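J.: Quick one: the structure is below, and I'll ask about it shortly.
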Amino acid sequence: MNDDLEARAKISDRLSAPRELRTAGPPLLEVRGLCRYFGGVRAAHDISLTVRRGQITSLIGPNGAGKTTCFNAITGIFPPTRGEVVFHHPERGPVPIAGLRPDRICQLGVARTFQNIRLFPDLPVVENVKVGFHCRTRSGLWGTVLRLPGMLREEAEAHEAALRYLDFVGLLASAHDLATNLSYGDQRRLEIARALATHPELLLLDEPAAGMNPSETEQLMELIRRICDLGGTVLLIEHDMKLVMNVSDRIYVMDHGELIAEGDPAAVKSNPKVVEAYLGVQER
Amino acid sequence: MSEGPKVELLRLLPGGHLLLERSWGQLAASGGLGLLFLVLPAFVGFGHPLINVGLYVAVFAILSLGLNVVVGWTGLLELGYVSFLATGAVLTFNLLLWEGAGGAHPFASSSLGFLAIILLSGLLCAALGLLRGIPTLKLTGDYYAIVTLGLAEIVYLIFLNSEFTGGAFGMKLSSDSRPTLLGSRIYYDSWAFYYLVVLALGATVVVMDRLDRSRIGRAWAAIRLDEVAARACGIDVARYKMLAFGISGFFGGVGGALYAVWIGTVAVKALDVWQSILILCAVVLGGMGSLRGVLLGSLVLFPLRELLREELFGVRVPPEASNLVYGLLLIFVMRFRPQGLLPRSAGPVHPLDANEQEAVRRGRPRLFVLTEPAPSSSTETPGAGGGPRPGVAHSAETDGPSPDATDVHPGHEGRAATGEGPAEGTEEPRPGIAQDRFSPEEGSGPSSPREAGSAEDA
Amino acid sequence: MSEFFDWSVLFNALTLGAVYALIAVGYTMVYGIIQLINFAHGEVFMIGTFAGLLLFAQLSVPLSLAILLAMLVCLMLGVVIDFTAYLPLRRKHPLADTISIAGLTGFCGLAIAYFLLARAEQSQAAASGLRIALGVLLAAIPLALFALAICGLYGKLGRPKASVTSDRLSALITAIGMSLSLQTIAQLVWGADFYVFPPFAKESLAHTVFESDVLTLGSATLKGKEFVIWVVTAALMVGLNGLVHRTKIGKAMRACAQDQKTAALMGVNVDYVIAVTFMIGSALAAIAGILFAIKVGGNIYFRMGYYPGVIAFAAAVLGGIGSIRGAVVGGLIIGATQAVAQVKWAEYDFAFAFGLMILVILFRPWGIFGKPGAARA
């Protein structure tokens, strides 16, 4: 009870305080004219956005605005109907990723979490994270069957590294519990740990704070900040305007499948279109 | 502490550290099972009905383990596994009966020939498994089951109406076409064959166990539990499904070859789809995805079939009744214990052992370095201080307090961590590339609350 | 072309298609509502045939009445199958679970006892009395289960299980188990012999209806029994269509097929609707079985339901699972495939039907009348 109130108070404290934005790096992900239609439904139409390295970029909008559709199209869950998605790979330069398979996109360095948590419920927490290491480890059939030293070393390292990721998100103590036994907030954090384990250049978080209480949200906010401080880049979908305003460096606003505004938090907050999308028009 | 003697004992063995992951119970059970198979002939002699049952169990245990790869690990209900068994058996018979130039049976006359047959049979079935995987790759659930069933029926009908399988009458191994192993013709009653089968079963168990606890096994589990999430974690689902099909087919072929020699007469008519259901029943009874479960299932189910052929307590139970038992078992197990008799263990139950905590604290250098930092970005990053900037959020921040599940004051904790938030963070030395993050020097100061907590736990 | 086409092929295709359609309706309706391949449906077909055969041949019941009674038997059997095997996977109710599983086990035990008795002392009068008693008991258990299922237990069966969809593998395995059990029970009770449907007495009405030649085209003759199969199937399908689209229970069925939870919230007794679905499908399977047996004349044995069952499921998929229209069209297409294949490759006729099924599942899993998005599994 008290904690909750305290946390709320802190959030409002921070909101009122002026915040320094992270400096923008070079573009990491560029989406140009992305469209995704389902039959006649324009779930996302002509979306263009740029995620810059080292920043927290947010994609916000009311329910059904098409945010998750954008995520799915970017991460290859389904291909976009039209449009370009270019990922600036540190070694390979700009790579067009629209239409690639999700596992290829993940291997290139774009990881995501899901709005409706998608963990592997029957696996222990630490194994969940180790699944994330899959695309960063090499051992194949022969290494496994013959227990070659390389594979054993890799496994040991994966285990330790997984534990460190759990430590990072604060789940070390429950490393050997089944994922399904975790609380809601912990499951969300585990999903972030799993995504981090794929070593993403860019981390896409789909409503990570949905269903969390204020103190959990506060923790999450810190986690996202720390990810960014350690050099990660985050693209965030969120409903919670307070959270978004608090962590984002750049915000894109969607409504009815289209972008209606973009800019830094202060600019977006005062944009009449955004207010209209969220609150409706008062006249008429 | 209770682990002490076991640890000491096992360290002496080459590769013994691998056994450390098992409990005493598991070790005793597997050792006992192995011993049972090895010394059984000493008590009853080869050719005894009991040995015959043992061979039957061993061959079908190999098949069950093979089926388990697809059903238990990849989560696809395979109803056509009998095709591999039939293909392996038919291939084996044809090669054994194949007469060379001088009227000799080239494959039947040397040990190498027979081992080659087993391998060939396995490889052929692996190839067929892969081939079948191409169209069925996208299918899941009921549709995968029914398509494998349909394909198995087609194979069955082709075999039933073909010359090379002996058609409805089947094929029989004459005494001079029986395979040779270690210098003598083998049949179900020869010691060489018995130990060959036991060896094959042992090898299968070892291979399966290794697969189960590996990156590959994890990938299969991920595919089984949530295919979309597995893809999003970078797992090439098609590739790993194909791998499962191939491995499963391989063991089906090996089992088929051994089955052919064991039974001596193959009537394709006996290898209908219900035989797949029988193997499936062993997997389901023991526990889908659980190695020990599948072994237990085979050990319980297959002797039952033989047992029901005999007279029990003066009552002659109809052999058909065994099918009834299998049918009811499928219903009962799914109703009351869908995870099977001996489900897969979920790993250690203790929170975290000392070694693991130590590993986290020590923060050894890691090798998962992905990407070189982008040179341009470092200059633009505030406070990067010329240090290369990691492209990745490389985890495990051991020097700062992290929100902990046990933490009672998350708000407070959060505030502390925010100390290095966007504004102040600029003064902190930016983490270098991943290795540095985990080097001992950067390892935590003991003063941090997180560390204190772990120390207490340990 | 002429090698494959003959009027007799067309007649055969339509007849096979009609029988498949009758069976496929049972699959398609059940799958449409609970997304389960009711593997035991082929066994219902088999048991319906046996029931009709016994009533007609051994108890000398008039054919029409025998068919009606066989339908009744299968109707109850369908409900009992759902009650003992599938319902407990959807819902938890300790008492009903215990009763159903005890009933199933007892039934199987009785079947074994019946078998033993039949084998052991066939000559003794006492044994034959015991046999009859056992037979009555054998019939009594399903009857009791049926009564129990209908008398109030449906719909009051505790809480639904949390995850119905993730249990689909369990449900399918249960269905396979049920199929194997029923098959084996039939084998125990009736043996592994092939039974023959006896020819009708020369002057009887049935003989005139079934054995007369209706139509002769070229060298092919359309027998009365084939024509009857077409007419009966057509009439039943029209009636069923009316039931599903015009009546209250039909509306409830369609609602359950769309969304069970919402239907339940709107006051539909979902389990009752499912039970009715099983009843309809099973009763139609019984008709299909008897008509098929009359047409073929023999081949009645414990495994006779397996191939037609799987093929009929293929027909249901081909037409678009959940659609009655689709089941008919799918049945006709599969029947035609098989009839054409029988001309040249008689031993492979089922292989062609299976092949068609696989192609459909691979390339058009939503079937002819389904929508792509609605493809399940």
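The values are calculated or read from the model by the stated rules, or taken from the named source; none is laboratory data. Nothing here was measured: the structure is a model prediction, and the numbers come from that model. Cβ atoms come from the backbone with ideal geometry, glycine included; neighbour counts cover every protein chain shown. Heads up: the accessible areas ignore ligands, DNA and RNA and are worked out on the full protein's heavy atoms, side chains in. Shrake-Rupley method; radii C 1.70, N 1.55, O 1.52, S 1.80 Å.
J.: Are any residues in the range A:228-249 within 12 Å of another protein chain (Cβ to nearest Cβ) and open to solvent by 10 Å² or more (accessible area, probe 1.4 Å), and if so, which ones?
T.: A:ASP229, A:LEU230
J.: If a residue has to be modelled with pLDDT under 85 and within 14 Å of chain C (Cβ to nearest Cβ) to count, how many in the range B:305-334 make the cut?
T.: The number of residues fulfilling the criteria is 14.
J.: So, one more: Can you give me the number of residues within the range C:254-282 that are within 27 Å of C:ALA70 (Cα to Cα) and open to solvent by less than 10 Å² (accessible area, probe 1.4 Å)?
T.: Looking only at that region, the number is 8.
J.: Considering only residues of the range B:252-277 that are polar (S, T, N, Q) and part of a helix (DSSP H, G or I), which is nearest to C:ARG303 (Cα to Cα)?
T.: That would be B:GLN275.
J.: What are the residues in the range A:242-272 that are more than 17 Å from A:GLN55 (Cα to Cα) and in contact with a Leu (Cβ under 9 Å, 6 or more places away or on another chain), if any?
T.: Once the filter is applied, which keeps residues that are more than 17 Å from A:GLN55 (Cα to Cα) and in contact with a Leu (Cβ under 9 Å, 6 or more places away or on another chain), the range A:242-272 yields A:LYS242, A:MET254, A:LEU259.
J.: Being farther than 28 Å from B:ARG210 by Cβ and buried (at least 22 other Cβ atoms within 10 Å of the Cβ): is that true of A:ARG225 here?
T.: It is true that A:ARG225 is farther than 28 Å from B:ARG210 by Cβ and buried (at least 22 other Cβ atoms within 10 Å of the Cβ).
J.: May I ask you to list pairs of residues, at least six apart or on different chains, whose Cβ atoms are under 6 Å apart, with the first in the range C:6-17 being in contact (Cβ under 8 Å) with a residue 12 or more places away in the chain and the second being among the basic types (Lys, Arg) and open to solvent by less than 20 Å² (accessible area, probe 1.4 Å)?
T.: Pairs found: none.
J.: Would you be able to say whether some residue in the range A:252-259 is open to solvent by 10 Å² or more (accessible area, probe 1.4 Å), more than 13 Å from every other protein chain (Cβ to nearest Cβ), at pLDDT below 85 and outside any loop (DSSP other than H, G, I, E, B)?
T.: No, the range A:252-259 has no match at all.
J.: Out of curiosity, is C:LEU36 closer than 20 Å to C:ALA275 by Cβ, surrounded by fewer than 20 Cβ atoms within 10 Å (Cβ to Cβ) and not aromatic (Phe, Trp, Tyr)?
T.: The answer is no for C:LEU36.
J.: Condition first: more than 8 Å from chain B (Cβ to nearest Cβ) and farther than 19 Å from A:SER58 by Cα. Now tell me which residues in the range A:173-192 satisfy that.
T.: Once the filter is applied, which keeps residues that are more than 8 Å from chain B (Cβ to nearest Cβ) and farther than 19 Å from A:SER58 by Cα, the range A:173-192 yields A:ASP177, A:ALA179, A:THR180, A:ASN181, A:LEU182, A:SER183, A:TYR184, A:GLY185, A:GLN187, A:LEU190.
J.: Scan the range A:126-133 and give yes if some residue there is over 20 Å from A:LEU196 (Cβ atoms), in contact with a Leu (Cβ under 9 Å, 6 or more places away or on another chain) and more than 8 Å from chain B (Cβ to nearest Cβ), otherwise no.
T.: Within the range A:126-133, none of the residues are over 20 Å from A:LEU196 (Cβ atoms), in contact with a Leu (Cβ under 9 Å, 6 or more places away or on another chain) and more than 8 Å from chain B (Cβ to nearest Cβ).
J.: Would a scan of the range B:113-130 turn up a residue that is modelled with pLDDT under 90, surrounded by fewer than 23 Cβ atoms within 10 Å (Cβ to Cβ), in the same structural domain as B:VAL237 (by TED's automatic domain parsing) and not aromatic (Phe, Trp, Tyr)?
T.: The answer is yes, given that some residue of the range B:113-130 is modelled with pLDDT under 90, surrounded by fewer than 23 Cβ atoms within 10 Å (Cβ to Cβ), in the same structural domain as B:VAL237 (by TED's automatic domain parsing) and not aromatic (Phe, Trp, Tyr).
J.: Got a sec? Which of C:VAL214, C:VAL189, C:VAL232 is β-branched (Val, Ile, Thr), open to solvent by 60 Å² or more (accessible area, probe 1.4 Å) and not in a loop (DSSP other than H, G, I, E, B)?
T.: Of C:VAL214, C:VAL189, C:VAL232, the one residue that is β-branched (Val, Ile, Thr), open to solvent by 60 Å² or more (accessible area, probe 1.4 Å) and not in a loop (DSSP other than H, G, I, E, B) is C:VAL214.
J.: Looking only at the range B:247-254, decide whether some residue is more than 11 Å from chain A (Cβ to nearest Cβ) and farther than 28 Å from B:GLY31 by Cβ.
T.: Yes, because at least one residue in the range B:247-254 is more than 11 Å from chain A (Cβ to nearest Cβ) and farther than 28 Å from B:GLY31 by Cβ.
J.: While we're here: Give the residues of the range C:330-366 that are outside any helix (DSSP H, G or I) and hydrophobic (A, V, I, L, M, F, W, C), sorted by residue number.
T.: The answer is C:TRP345, C:TRP366.
J.: Would you check if there is a residue in the range C:35-51 being among the hydroxyl-bearing types (Ser, Thr, Tyr) and under 22 Å from C:ALA149 (Cα atoms)?
T.: Taking every residue of the range C:35-51 in turn, none turns out to be among the hydroxyl-bearing types (Ser, Thr, Tyr) and under 22 Å from C:ALA149 (Cα atoms).
J.: Quickly run through the range C:307-327 and pick out the residues that are more than 21 Å from B:TYR144 (Cβ to Cβ) and open to solvent by 40 Å² or more (accessible area, probe 1.4 Å).
T.: Residue satisfying the conditions is C:ARG325 alone.
J.: In addition: Somewhere in the range A:114-121, is a residue in contact with a Ser or Thr (Cβ under 7 Å, 6 or more places away or on another chain), outside any loop (DSSP other than H, G, I, E, B) and within 27 Å of A:LEU182 (Cβ to Cβ)?
T.: no
J.: Moving on. Among the residues of the range B:360-368, is any modelled with pLDDT under 70, within 14 Å of chain C (Cβ to nearest Cβ) and touching a helix residue (DSSP H, G or I) at 6+ places or on another chain (Cβ under 9 Å)?
T.: no
J.: Look at B:LEU55 and say whether it is under 28 Å from B:TRP191 (Cβ atoms), of a type in the set (A, V, I, L, M) and open to solvent by less than 30 Å² (accessible area, probe 1.4 Å).
T.: So B:LEU55 fits the description; yes.
Per-residue answers, yes or no, for (1) more than 12 Å from the chain's Cα centre (by Cα); (2) touching a residue at least 40 places away in the same chain (Cβ under 8 Å):
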position: B:ALA192; (1), (2): yes, no
position: B:VAL205; (1), (2): no, yes
position: B:ASP212; (1), (2): no, yes
position: B:ARG224; (1), (2): yes, yes
position: B:GLY234; (1), (2): yes, no
position: B:ALA238; (1), (2): yes, yes
position: B:GLY246; (1), (2): yes, yes
position: B:PHE251; (1), (2): no, yes
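J.: When you scan the range A:89-116, how many residues do you find that are open to solvent by less than 40 Å² (accessible area, probe 1.4 Å), touching a Gly at 6+ places or on another chain (Cβ under 9 Å), farther than 14 Å from A:LEU204 by Cα and free of Cβ contacts under 8 Å to residues at least 60 places away in the same chain?
T.: 2
J.: Find the helices (runs of 4 or more DSSP H) located wholly in the range B:74-177 whose residues include 2 or more that are farther than 18 Å from B:LEU271 by Cβ and out of contact with any strand residue (DSSP E or B) (no Cβ under 6 Å at 6 or more places or on another chain), and list them.
T.: By residue number, B:111-136, B:141-160.
Residue-by-condition table, conditions (1) farther than 30 Å from A:ARG136 by Cβ; (2) open to solvent by 20 Å² or more (accessible area, probe 1.4 Å); (3) of a type outside the set (Lys, Arg):
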| residue | (1), (2), (3) |
| --- | --- |
| B:ALA168 | yes, yes, yes |
| B:MET171 | yes, yes, yes |
| B:ASP176 | yes, yes, yes |
| B:PRO179 | yes, no, yes |
| B:TYR188 | yes, yes, yes |
| B:LEU196 | yes, yes, yes |
| B:VAL206 | no, yes, yes |
| B:LEU211 | no, no, yes |
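J.: Moving on. Residues being open to solvent by less than 10 Å² (accessible area, probe 1.4 Å) and within 21 Å of A:CYS135 (Cβ to Cβ): count how many of those fall in the range A:152-195.
T.: 16
J.: Let me ask something else about it. Please verify whether the range B:288-296 includes one or more residues that are within 11 Å of chain C (Cβ to nearest Cβ) and modelled with pLDDT of 70 or more.
T.: Among the residues of the range B:288-296, at least one is within 11 Å of chain C (Cβ to nearest Cβ) and modelled with pLDDT of 70 or more, which makes the answer yes.
Results for (1) aliphatic (A, V, I, L, M); (2) over 16 Å from the mean Cα position of the chain (by Cα); (3) more than 20 Å from C:TRP230 (Cα to Cα), shown as yes or no for each residue.
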site: C:ALA285; (1), (2), (3): yes, no, no
site: C:ASN299; (1), (2), (3): no, yes, yes
site: C:TYR307; (1), (2), (3): no, no, yes
site: C:ALA336; (1), (2), (3): yes, yes, no
site: C:TYR348; (1), (2), (3): no, yes, yes
site: C:PHE354; (1), (2), (3): no, yes, yes
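J.: Across the range C:56-110, what is the number of residues that are polar (S, T, N, Q), within 12 Å of chain B (Cβ to nearest Cβ) and out of contact with any Leu (no Cβ under 9 Å at 6 or more places or on another chain)?
T.: So the answer is 1.
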